[in-house]
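The structure appears right after this line, and notes come after that.
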Amino acid sequence: MHKILGALVALIFMAQGALADRVVARVSISEQRMYVYHHGMLVHEWPVSTARAGKITPTGTWRPQLLSKYHRSSRYNNAPMPFAIFYSGHYAIHGTDQISRLGRPASAGCVRLDPANASVLFDMVREEGMDQTRVIVVR
């Protein structure tokens, strides 16, 4: 099923002119999963945590704005946000120390990943460039 979805996503990117994006991180809020495409091919599928009840993970399409390897939250008691990829204001994809909560809503709005997976994505974005990366968040 995910191979078919990946092929459809690749066709949509091509139609939108986004095939030039070397890295695409597609987050499905309903599935609590991230699909990472490199040069149009699905290379990773990981569990995530998005916004818990009463909070919002915005949907849309962005380019990363800032990479911060050892980030700490200024909003949430200096909480660690390793391998942060900020894509919309204070919203980021980042590692979490709450790994057991991945796969279900738990964050204040960011997209949380296992730190090992966040490191892989962070390195991909750094290597390919923020201007060649797209973050897509869908319901």
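Derivation of every value follows stated rules applied to the coordinates shown; laboratory data play no part. Note that the structure is a prediction, hence the values are computed from the model and not measured. Note that each Cβ is placed from the backbone with ideal geometry, even for glycine, and that neighbours are counted across all protein chains shown.
So here's what we get for this one:
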item	result
Between the range 95-139 and the range 49-81, the alpha-carbon center distance in angstrom	9
Pairwise Cα inverse-distance average, inverted: Kirkwood Rh of the range 2-138 (Å)	14.7
Check: the chain dipole with +1 on Lys, Arg Cβ and -1 on Asp, Glu Cβ, in debye	460
Relative packing of 55-65, 25-35, which averages over residues the other C-beta atoms within 10 Å, highest first	25-35, 55-65
Residue among Trp62, Tyr91, His39 farthest towards the positive dipole end of the chain, charges placed on Cβ	Tyr91
The chain, relative contact order [Cα under 8 Å, separation at least 6], %	30
Inter-label distance, nm, simple model (7 Å from Cα along the C-beta direction), Thr61/Ala116	3.3
Cα-based helix-to-principal-axis angle, 2-16 vs the chain, degrees rounded to 10	80
The chain: angle of helix 115-128 to the longest principal axis, Cα-based, in degrees nearest 10	50
